[in-house]
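The values are calculated or read from the model by the stated rules, or taken from the named source; none is laboratory data. Just so we're clear, the structure is a prediction, and the values are computed from it rather than from any experiment. Neighbour counts run over all protein chains shown; Cβ positions are idealised from the backbone, glycine included. Side chains are part of the model used for accessible areas, which takes the heavy atoms of the whole protein and leaves out ligands, DNA and RNA. Shrake-Rupley method; radii C 1.70, N 1.55, O 1.52, S 1.80 Å.
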Amino acid sequence: MARRTRTIDAPHEREEESYFVSLNDLLIGMLFVFIILLMIFALNYQSAEARLNHRIAALEDELGGREDQRAGLLRRLKKELARSDVPVEIDEKNGVLHLPETVLFASGSADLGDRGRAALTRLASLLARELPCYGQLGGRAGHDCPDGSEPILEAVYVEGHTDVIPIATARYSDNWSLSSDRSIQTYRSMVQAAPSLEGIRNAAGNATLFGVSAYAAQRPIADNATVDGRARNRRIDVRFLIAPPTKGDIKATSSVGSFLGAVE
């Protein structure tokens, strides 16, 4: 009977063995498919990451080029002003031209003297010549712009700054009112000397380039604990702000960045 049972069960055992062999082949096939998909995914990830890194490098190069153009503009302004005996400092990294108080105003006053008006007239004429080369593209017509100059500026602000010593006079209740009045008087004097400054548009063409701001003692460039430091802090700054990347630049970068963020 035992021998007969083995004879009867043999086909069943072969069917089970064939089933397990087929299942094993299926699992191996699925594993191969998974490995292939993983390799494709990894290649796509590396390709996307390379495109993102390339785009970021391109944006960094673009920003670096804009900063170089701004630094060149500041150096030219300083050189030309020195020829007219107007002493200024420049901060190439932050894009600022510093005009000391002694050139423009008497202590505690926002009234421009003759020397101050002459200095601002010279600066205004230089800016009227230079700024159209870095504002809206359509404003370059009729200007002899430096080689490689492009629309790179978002805004140019005339900024009023003071030291930390409080002021309280019949005209000015605090340093905020003094710094505001100084920046406004400086702006008006420059626009009066070069009216075209008011019409220059920024790189995007959506706003005028030239404007005013004031900070009282909030942005010192020297130590207010010393006499010399306070003297340097009482100043008018002309700050040149670089335009940010366009929406197209950001979109080109963020589309790749979104893919990478989704897979991490």
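Between T121 and L37, the distance separating the two model label sites (each 7 Å from Cα on the Cα→Cβ line) works out to 7.9 nm.
Taking trypsin sites (Lys or Arg not before Pro) across region 75-122, the ones in a DSSP loop with at most 10 further Cβ atoms lying within 10 angstrom of their Cβ are K93. Loop-located GluC sites (Glu not before Pro) across region 76-111 with a Cβ neighbour count of 12 or fewer within 10 Å are lacking, with loop assigned by DSSP.
For H161, H143, the ranking by accessible surface with the largest value first comes to H143, H161, using a 1.4 Å probe.
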